[in-house]
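Here is the structure we will look at, set down as structure tokens.
The values are calculated or read from the model by the stated rules, or taken from the named source; none is laboratory data. This is a predicted model, so every value here is computed, not measured. Cβ: placed from backbone, ideal geometry, glycine included. Neighbour counts: every protein chain shown. These area figures cover heavy atoms from the full protein model, side chains too; ligands, DNA and RNA do not enter into them. Shrake-Rupley method; radii C 1.70, N 1.55, O 1.52, S 1.80 Å.
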Amino acid sequence: MANIQLYHFPGSPPCRSVLMTAKALGVPLELKPLSSLNKDHLSPEFLKINPDHTTPTIVDGDFTLWESRAIMRYLVGKYGGEDNSLYPRDLQKRAEVDRLLDYDLGVFYRAMLETLMLPLRNKTKTTKEQDEKVVKAFERIDTLVKDKKFLTGNTLTIADFAVVVGFAAEVLYPGDMSKYPNAMAWYKRIQELPYYKEVNQPFFDIVENVKKQRAETS
């Protein structure tokens, strides 16, 4: 059986969440890296695969799927066995995971992207409103994990994978992260996963390269 193909931008947060899920499940992927600089995602070949030209995108035989949270659910559903704690079958436990996936999509990741990641890339300054959204987002995670190891309890789920790839942008945050000790303890816990560094290092490499370029041209 051929491996699932993953079209991805190396370092992209949504792509990293899918990669972490696959690593946790032990699912081998055939990686198909795309270059945003070369606009590979707008090529006729890729548009045939995904007309929305977004990553991550997977191709599993004759089935194609995009949107990272949908892909994570699919991978656990296909390879997680009868009941996998990454995305539990219990209705209430699954609902908690889904709630956090929705929160990440609509609130948390948007705050990290618009206030920390895009300004670095675009050389723009943030507004007071954006800065307040980041603080509120960090405070929310800090509260969520106050008495828990992970976001929904003491068991790792795909919600942790979805949120942590955005949380990693704390490396760009000019404020004091010690104000969020519970969140930072959770983050350290995720960083200790055996596959965390391999999957996430490309993001940190990109950040360092951009910072270096900024310093050289300033």
## Note on the structure
Scanning the stretch 59-87 for residues that are aliphatic (A, V, I, L, M) and over 14 Å from the mean Cα position of the chain (by Cα), the one nearest to I158 (Cα to Cα) turns out to be L86
#### Entry: Single residue of the stretch 27-40 satisfying the filter (over 13 Å from Q5 (Cβ atoms) and under 19 Å from the mean Cα position of the chain (by Cα)) that is least open to solvent (accessible area, probe 1.4 Å)
S35
### Task
Kindly check whether there is at least one residue in the stretch 99-119 that is open to solvent by 50 Å² or more (accessible area, probe 1.4 Å), among the hydrophobic types (A, V, I, L, M, F, W, C) and over 19 Å from the mean Cα position of the chain (by Cα).
no
### Task
Taking only the stretch 98-119 into account, find how many residues are touching a Leu at 6+ places or on another chain (Cβ under 6 Å) and farther than 24 Å from L86 by Cβ.
1
### Message
Whether any residue in the stretch 10-29 is within 21 Å of M117 (Cβ to Cβ), touching a Leu at 6+ places or on another chain (Cβ under 9 Å), among the hydrophobic types (A, V, I, L, M, F, W, C) and at pLDDT below 95 is what I want to check.
### Response
no
### Message
Looking at the stretch 70-98 only, could you name the residues that are surrounded by fewer than 19 Cβ atoms within 10 Å (Cβ to Cβ), closer than 27 Å to D142 by Cβ and of a type in the set (D, E, K, R)?
### Response
D90, K93, R94, E96, D98
### Task
For the stretch 14-65, enumerate the residues that are farther than 26 Å from A169 by Cα and of a type in the set (S, T, Y).
S43, T64
### Task
Pick out, from the stretch 135-218, the helices (runs of 4 or more DSSP H) lying fully within it that include 1 or more residues that are at pLDDT below 95, open to solvent by less than 80 Å² (accessible area, probe 1.4 Å) and touching a helix residue (DSSP H, G or I) at 6+ places or on another chain (Cβ under 8 Å).
196-217
### Task
Looking for whichever is out of contact with any Pro (no Cβ under 9 Å at 6 or more places or on another chain), under 21 Å from M177 (Cβ atoms) and charged (D, E, K, R) here; the options are R121, R110. Which one fits?
R110
